[in-house]
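Heads up, the thing below is written out as structure tokens.
The values are calculated or read from the model by the stated rules, or taken from the named source; none is laboratory data. Computed from a predicted structure; not experimentally measured. Reconstructed Cβ throughout: ideal geometry from the backbone, glycine too, with neighbour counts over all protein chains shown.
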There are 2 protein chains.
Amino acid sequence: LFENKRTKFRTDFFELHPFDQGRFFSDLDPDDRRKVYEYLTPVELSDAFDELEDEPIEIAEFLDEMQPRYAARLLSAMFADNEADILGVVHADKLEELLNYMNPVDSSRVRQLLKYKDETAGALMTTEFISVSSGMTVGLAMAQVKREAQQAETISYIYVTKEDQKLDGVISVKDLIVNSDDTLIESFMNSNVISVNVNEDQEEIAEQIRDYNFVALPVVNDNEQIKGIVTVDDIIDVIDEESAEDYSKLAGINTEETTNNPWIAVRNRLPWLIILLFLGMLSAALISHFEGVLSKVSVLAIFISLITGTAGNAGTQSLAVAIRRIATSDEEHALWKLILNEIVTGLLIGALTGTTVFLIVLIWQKNLVLGSVVGLAMAGAIFVANLAGSLIPIGMEKIGVDPAVASGPFISTLSDLTSILIYFNIASLCLKMFGFGG
Amino acid sequence: LFENKRTKFRTDFFELHPFDQGRFFSDLDPDDRRKVYEYLTPVELSDAFDELEDEPIEIAEFLDEMQPRYAARLLSAMFADNEADILGVVHADKLEELLNYMNPVDSSRVRQLLKYKDETAGALMTTEFISVSSGMTVGLAMAQVKREAQQAETISYIYVTKEDQKLDGVISVKDLIVNSDDTLIESFMNSNVISVNVNEDQEEIAEQIRDYNFVALPVVNDNEQIKGIVTVDDIIDVIDEESAEDYSKLAGINTEETTNNPWIAVRNRLPWLIILLFLGMLSAALISHFEGVLSKVSVLAIFISLITGTAGNAGTQSLAVAIRRIATSDEEHALWKLILNEIVTGLLIGALTGTTVFLIVLIWQKNLVLGSVVGLAMAGAIFVANLAGSLIPIGMEKIGVDPAVASGPFISTLSDLTSILIYFNIASLCLKMFGFGG
């Protein structure tokens, strides 16, 4: 009976796509998972593990449930990039234990991959690519592809190397199929290969793959030796990650929060709110500094939140534009152009919005001085917020800080401060010069 | 001499990757572009056009510079999805003219593609795929792949069809290479093909390709007949587009604005700012309604922007979380869970922030009543903003409006309104009950 369940399980399991196998596996409870380790060999389970969407730290916990030998074999059968992601988060002792169960080639390959810094080509690449030499014929190359195809992550591109694994060219599997068996590889290979360095940042790689529509990109070390390939599926994850990050920063929150535990949500959001609250307290202190003016002209209070709110909105707009520009442009002078552009845009938007507000307040409150104060303050506050929205992220980029840290809420809270300063200074001045007659 | 320049140009041009050819071409001025049309045949230029990153409407303008026959040949040589994107934006007369210069097979294929709704699988797919029948041997299939490889957009997957082009299975080019020539396709094909319907939304397709790490996905009509394939490079563009859209909405601006003309930037941003300004005017009117309270207790004005700002920040956080959840979850009940979760989270964050503010105001202003009013108002305002931040996008999703339209600035300006209402009502009540003694 037990044997039967095993057979049934294996049949059903192998009918699933590895991604679905992975999803099925990670939904199991620990006891059922232990049965899976019994029913499947480590190599059979490895495809599912290659597709798991859980965080590496969660996958590492599955490894603790297995015999170390089973875990080591499973890891060896996975693609090297996924294997390294998981081993990158296991405890040092456990890492050594697992590596000891692997054959020396596998373990030294993993050790090598673990050395690369996070978010670089080296950390992202896998080592399962096919390379041939330029002197080979199509027939010989095809025979090699046949032997290595099952292990390779992709056979769309086959890399051509000279002595010492130096990258010399690239051919596609199309070329192999279309050309006759005795053609020499060098006669049709593309020697204009686009490659990335192992230390290249993952965002740069994403841009290359997106621009050139590659399915994979070769990764070389400083001596132009090919060390691995980065495939498009990993790049899709990078693109997702980066855009989620930008989005989160604009909202002042980690939006990938998927918890249903309100306490965790609170822990995620509160620190940022409290920091902004203290920044907001500065605004309050500033208004309190002008309490003398306020008590004389209490009507001023009506427009505080209108001015701070509108300037904050304008600042958020220019911040978002600046962050997208920084992310997509690599030309230095383009950023100076952006600043210049924001100055003019800020002046125009400030002037137009200021005039609108001036007219509304004039008609509503029938007070020319009040209208002028609110209109001028609005124009000034928008101009400053607009400029800050682009200057701050560009300045951060220049000093090497991730510009997205200057989040939307941060810019609007900061612009509250300058808006209030501008508003009450203009109001005090007008109070001294003209008074606020009706 | 002229002949020489032509040869030199052709040599240099063909050394570039098509993406770089495209970038080079679109940077030329009109006179130089006209020379390119002379130097290159339409088929030679078509690879560059396949890679152009300009908007279809801009590419369509290039077509106007060419002889119609040249343009028609160029279009025919492009991948069908790119061809249809461009023809989708040309004027009806021009479209008919161009289609008349094409051979009937090409033009009817384009007409078919043009019928699909924007942002569906049909609009995204290309028709250049390879299909074989299940009864073929590997050798026969390979011969067919050899013939069709140059035209196909990808040969990574070869689709297996039965009578009437009904999708029956899929094999990879790996399978063809690894299996011996006389093996039957049906003996190893995967008949568990994952496909999408022509009317499927592009976001759903992106999710499938991302999850299953496919390089391409077959598109079928309602009769399960294969009509085309969607390739991963088009999906990367979709992912980029969708995330840029979400980001833009959160900032209340089209962040893909790449203009260096301030007037265009102003036209892009001002309408949204003015709408929010009028919403902000409601806040001002509301405060003005409470001017009586304000003139008695002018110290209240100090905390207006602190409360509206902090509530706005909390609302933006919950909005961003809700929008990401809606985008990534397809379970109905998960959204109700989210609302419930936000209620508890809002209560907790409101209580904690309210207490903090209460203590700060108490120590600073040495006024228990004032501290309580500000603290309570802060707690209430945060709770409401937090709830609105998730309820509004979920509500919009329910009535079929894109939830991302409820942008960050919209939520914060709306929460200004409710925050002021809460603040002054609590203040009025306390004024009546206790007065605001020092």
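Computed quantities for the displayed model
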read-out: Search result, residues across region A:42-66 that are out of contact with any helix residue (DSSP H, G or I) (no Cβ under 8 Å at 6 or more places or on another chain) and not acidic (Asp, Glu); value: A:Ile57
read-out: Residues of region B:342-355 satisfying the condition of being over 15 Å from A:Asn261 (Cβ atoms), among the aliphatic types (A, V, I, L, M) and within 7 Å of chain A (Cβ to nearest Cβ); value: B:Leu352
read-out: Number of positions in region A:178-189 that are aliphatic (A, V, I, L, M) and surrounded by fewer than 19 Cβ atoms within 10 Å (Cβ to Cβ); value: 2
read-out: Of residues in region B:83-96 being free of Cβ contacts under 8 Å to residues at least 12 places away in the same chain and among the hydrophobic types (A, V, I, L, M, F, W, C), the one nearest to B:Glu51 (Cα to Cα); value: B:Leu95
read-out: Residue within region A:148-159 that is outside the structural domain of A:Asp50 (by TED's automatic domain parsing), over 34 Å from the mean Cα position of the chain (by Cα) and at pLDDT below 90 present; value: no
read-out: Scope region A:53-68; condition touching a Ser or Thr at 6+ places or on another chain (Cβ under 9 Å) and modelled with pLDDT of 90 or more; matching residues; value: A:Ile59, A:Phe62
read-out: Subset of region B:55-83 [under 17 Å from B:Gln151 (Cβ atoms) and either assigned to a helix (DSSP H, G or I) or touching a Cys at 6+ places or on another chain (Cβ under 6 Å) (or both)]; value: B:Arg73, B:Leu74, B:Leu75, B:Ser76, B:Ala77, B:Ala80, B:Asp81, B:Asn82, B:Glu83
read-out: Inter-residue pairs, beta-carbon under 8 Å, first touching a residue at least 24 places away in the same chain (Cβ under 8 Å) and in region A:185-212, second part of a helix (DSSP H, G or I) and exposed (fewer than 15 other Cβ atoms within 10 Å of the Cβ), 6+ apart; value: A:Val196/A:Glu204
read-out: Some residue of region B:196-203 being within 10 Å of chain A (Cβ to nearest Cβ) and modelled with pLDDT of 90 or more; value: no
read-out: Candidate set: region A:218-256, residues that are more than 7 Å from every other protein chain (Cβ to nearest Cβ) and farther than 28 Å from B:Tyr212 by Cα; chosen: the one surrounded by the most Cβ atoms within 10 Å (Cβ to Cβ); value: A:Lys249
read-out: Every pair of residues 6+ apart whose Cβ atoms lie under 7 Å, when the first sits in region B:99-116 and is buried (at least 16 other Cβ atoms within 10 Å of the Cβ) while the second is not in a helix (DSSP H, G or I); value: B:Arg109/B:Thr127; B:Leu114/B:Gly88; B:Tyr116/B:Val198
read-out: Total residues in region A:374-410, condition touching a helix residue (DSSP H, G or I) at 6+ places or on another chain (Cβ under 8 Å) and more than 10 Å from chain B (Cβ to nearest Cβ); value: 23
read-out: Verdict on B:Thr161 being buried (at least 17 other Cβ atoms within 10 Å of the Cβ), polar (S, T, N, Q) and away from every other protein chain (no Cβ under 14 Å); value: yes
read-out: Selected residue (only one of B:Ala121, B:Ala80 is in contact (Cβ under 8 Å) with a residue 40 or more places away in the chain, crowded, with 20+ Cβ neighbours inside 10 Å and not assigned by TED's automatic domain parsing to the domain that holds B:Glu51); value: B:Ala121
read-out: Subset of region A:314-325 [at pLDDT below 90 and not aliphatic (A, V, I, L, M)]; value: A:Thr316, A:Gln317, A:Ser318, A:Arg324, A:Arg325
read-out: Residue within region A:234-248 that is touching a residue at least 24 places away in the same chain (Cβ under 8 Å), hydrophobic (A, V, I, L, M, F, W, C) and more than 29 Å from A:Ile411 (Cα to Cα) present; value: yes
read-out: Matching residues in region B:139-157 - criterion: being within 12 Å of chain A (Cβ to nearest Cβ) and more than 20 Å from B:Ile229 (Cβ to Cβ); value: B:Ala143
read-out: One residue from B:Val220, B:Val196, B:Val215 being within 24 Å of A:Leu16 (Cα to Cα) and out of contact with any strand residue (DSSP E or B) (no Cβ under 6 Å at 6 or more places or on another chain); value: B:Val215
read-out: Residues being within 30 Å of the chain's Cα centre (by Cα) and within 20 Å of B:Ser412 (Cα to Cα) - total across region B:339-387; value: 9
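Every residue, every condition in (1) surrounded by 24 or more Cβ atoms within 10 Å (Cβ to Cβ); (2) in the same structural domain as A:Leu270 (by TED's automatic domain parsing); (3) within 24 Å of A:Arg325 (Cβ to Cβ), yes or no:
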| position | (1), (2), (3) |
| --- | --- |
| A:Ala351 | no, yes, yes |
| A:Ile363 | no, yes, no |
| A:Leu376 | no, yes, no |
| A:Gly380 | no, yes, no |
| A:Asn386 | yes, yes, yes |
| A:Gly389 | yes, yes, yes |
| A:Ile399 | no, yes, yes |
| A:Phe410 | no, yes, yes |
| A:Ser419 | yes, yes, no |
